[in-house]
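One structure is given below, encoded as structure tokens.
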Amino acid sequence: MNGYWKKLCRVNLTDRTWKEEPIEEATLDLLIGGTALGAKILLEETAPKIDPLSPENKLIFAIGCMQACPNFPGNAKWSVVTKSPLTGSVADSAGTGGWAPAFKKCGYDALIIEGKADKPTWLYITDNNVEFRDADELWGLDSVDASLKIKEILGDKRVNALNIGTAGEIMNPIANITCDGHSFAGRGGTGAVMGSKNLKAIASWGTQQCEIADLEGAKAFAKEVFVNLHEATKDVGGTPSVMVGMEEIGDSPIRYWRGDVWHKGAETIGTPRYTEFLNVKPMPCLNCPIGCHRHIHLDLSGGEGELTGNGPEYETLGTMGSGLCIDDLEAISLANEMANRAGVDTISLGSYIGFLIECYEATLITAEEIGMVPKFGDRETLLFLSEKLIKNEGIGEIFKKGIRGAAAHIGGDAPLLTVEVKNMDLPAHDPRAVFANYPNYATTPRGACHERGDTQAIATGLVYPEVGLEETPDRFSVDEAAPVAVVSQDGALMFNCLTICKFMVKFAGMTISELMHGLELILGKEIDPYELFRVGERSQNLQRLLNVRDGMDRKDDTAPAKLFIPAAVGGRAFQAPTHEEFDKMLDDYYDLRGWDRNGIPTAEKLEEIGLGDFVKYLP
Ligand code: SF4
């Protein structure tokens, strides 16, 4: 079978053993790999309702077939699937960096981590081999220093490593897994699960070439596409370049989802000022023609030294900038650096701070309890609270179970102020600006997420003519919301099954037809676009089954109260659905998915999409 080793590596940390196991060809045909493969393994190998931080939970890293072509643009992507300590649902996350192609060359398509090490440990995976190493030198290091230390220990700067920062070590439920110090698998606390297993890092370096149908043809095609994508994006300023436009259409959160407009602030923190003020250089992942990651260099005010590292992405600008009304790029960059090094999700971090300020303004919590007088637009609020929340210290302690835990602790009306779904804080895209995000956020298995559905991109021009999406939908249409949510979820999940960075398509303009041609050269068979998107649908269903097995259903597919209040001015003025319209969007979504009106996949649907073997997991 071209494009795969048809093999996974299973590591047991409890007894420090590992072995190779076959992956059936039929499984890879059906699921391709990545997130769908990870969900299948989690479903089959874990019991319902396990504690996410117990040794019974598993961490499954899976890649697809794109890594088999050594230079395919965007193929540094990898998926990780586990049970989330934040949401209790499936955690399906993805990162980039350079690990995935290096891991593929070790001779594997997936890695299962099980058990728990009795002391801090890291793994070094090479050609069909796994070494268990003591992590005494690494434990306590932040994600950037740990990455550098691993390269130093191995004496090889090329080696790629996944690791957790200090937040993962203390099992902060919003901890990330980091790759090479600049790419983060966030949202849902995968880093906390890794920390619970005493696993600090996984370094990989392989040298083997997996068999593919037309190696030379694929490499030549990849090179041609790379040049075109680079040409199309070389003057684009990374994700901060969307800040002004997103605020204009009302998509950015403002004042923890209570504000309507923030034009001047968006101009102050978005490009082009971002690029000039932070002395930005692009920082590409391996095989990336875009380089959306921003490397920044800044002399700090007050002669307090310099800051060199990863610049804040749009999501961070959204939750810490517009979300907190802070137009101080230096402060946002410092908080971002703190979070990146500790390995913490900046979306939730910014959201927690906004929530605390709002609770203080509503007199639900005192300055003494918070440790300061928190204010919107205030640099000190951002920096002081970031540190506390990252370390789960002081006021940060009440967030050990996420925002719902904090709201329950604060009491009163605090739960009504949260903006989350399944305990996952909303990303920096307001559903009132793109209605398709109501059903999308409500039904994303890992909780509210812009990465498992590109609805805002579709609402602003991304089309998939290969599967019938030829026109930009009306972003305020209740009737069009569910169909857009479905196609955008299937597309986004498909990218994470192939494990290719979706920015190749979304940002740089690679067409689905080009992607299919690349796949044909790798796999040696004809690709049908609808079948390709169906892989995303299978992934969505497998993840839904994991949640349903743990008792989740329609009652968990919600929308926060604030998102039913329309704005008075700005790009989404007077727009918000009623609760009845939200229910209709959800009904439409379930109908299109072939689920019942309680959000449970039907046996007929599972059979229809080739998942008949999974009917046994239905309640
Ligand atoms: S577009 Fe960004 S995330 Fe994607 S591979 Fe390139 S640098 Fe990495």
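Listed values, structure above:
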read-out	value
Residue count for segment 167-192, restricted to those that are among the charged types (D, E, K, R) and either within 15 Å of the ligand (Cβ to nearest atom) or in the same structural domain as GLU451 (by TED's automatic domain parsing) (or both)	2
Residues of segment 59-77 satisfying the condition of being in a helix (DSSP H, G or I) and more than 16 Å from the ligand (Cβ to nearest atom)	ALA68
Some residue of segment 603-612 being under 21 Å from GLY3 (Cβ atoms) and in contact (Cβ under 8 Å) with a residue 60 or more places away in the chain	yes
Those residues of segment 78-121 which are touching a helix residue (DSSP H, G or I) at 6+ places or on another chain (Cβ under 6 Å), part of a loop (DSSP other than H, G, I, E, B) and not polar (S, T, N, Q), in sequence order	PRO85, LEU86
Residue satisfying condition, being part of a strand (DSSP E or B) and modelled with pLDDT of 95 or more, within set GLU211, GLU216, GLU131	GLU131
ASN340 being within 16 Å of the ligand (Cβ to nearest atom), polar (S, T, N, Q) and at pLDDT below 95	no
Of the criteria (1) buried (at least 20 other Cβ atoms within 10 Å of the Cβ); (2) part of a helix (DSSP H, G or I), which one LEU30 fails	(1)
Wholly within segment 478-552, helices (runs of 4 or more DSSP H) carrying at least 3 residues that are of a type in the set (S, T, N, Q) and either away from the ligand (no atom under 16 Å from the Cβ) or buried (at least 24 other Cβ atoms within 10 Å of the Cβ) (or both)	478-498, 529-549
Hey, ILE365 in a loop (DSSP other than H, G, I, E, B), among the aliphatic types (A, V, I, L, M) and crowded, with 21+ Cβ neighbours inside 10 Å or not	yes
Enumeration of residues in segment 266-278 that are within 16 Å of the ligand (Cβ to nearest atom) and more than 30 Å from LYS562 (Cβ to Cβ)	THR275
Qualifying residue in segment 226-240 (condition: part of a helix (DSSP H, G or I) and among the basic types (Lys, Arg))	no
Boolean, GLY302 is buried (at least 22 other Cβ atoms within 10 Å of the Cβ) and in a helix (DSSP H, G or I)	no
Check on GLY350, touching a helix residue (DSSP H, G or I) at 6+ places or on another chain (Cβ under 6 Å) and either within 16 Å of the ligand (Cβ to nearest atom) or not basic (Lys, Arg) (or both)	yes
Pairs with Cβ under 9 Å, 6+ apart, first in segment 77-95 and farther than 11 Å from GLU451 by Cβ, second among the basic types (Lys, Arg) and assigned to a strand (DSSP E or B)	SER89/LYS83; VAL90/LYS83; ALA91/LYS83
Qualifying residue in segment 411-419 (condition: in contact (Cβ under 8 Å) with a residue 40 or more places away in the chain and either closer than 24 Å to THR455 by Cβ or within 20 Å of the chain's Cα centre (by Cα) (or both))	yes
Residues of segment 495-513 satisfying the condition of being closer than 19 Å to GLY38 by Cα and touching a helix residue (DSSP H, G or I) at 6+ places or on another chain (Cβ under 6 Å)	ASN496, CYS497, LEU498, THR499, ILE500, LYS502
Residue list for segment 279-329, filter: more than 9 Å from the ligand (Cβ to nearest atom) and small (Gly, Ala, Ser)	SER301, GLY302, GLY303, GLY305, GLY309, GLY311, GLY318, GLY321, SER322, GLY323
Some residue of segment 378-396 being in the same structural domain as ASP251 (by TED's automatic domain parsing), at positive phi and not hydroxyl-bearing (Ser, Thr, Tyr)	yes
Pair list, Cβ under 9 Å, 6 or more apart: segment 280-292 residue of a type in the set (Lys, Arg), other residue more than 7 Å from the ligand (Cβ to nearest atom)	LYS281/ARG294; LYS281/HIS295; LYS281/ILE296; LYS281/HIS297
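Rundown of residues vs (1) β-branched (Val, Ile, Thr); (2) assigned to a loop (DSSP other than H, G, I, E, B), yes/no style:
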{"site": "PRO253", "(1), (2)": "no, yes"}
{"site": "HIS297", "(1), (2)": "no, no"}
{"site": "SER333", "(1), (2)": "no, no"}
{"site": "ILE347", "(1), (2)": "yes, no"}
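The values are calculated or read from the model by the stated rules, or taken from the named source; none is laboratory data. Predicted model only: the values in this text are computed from it and were never measured. Cβ sites come from the backbone with ideal geometry, for glycine too, and all protein chains shown count toward neighbours.
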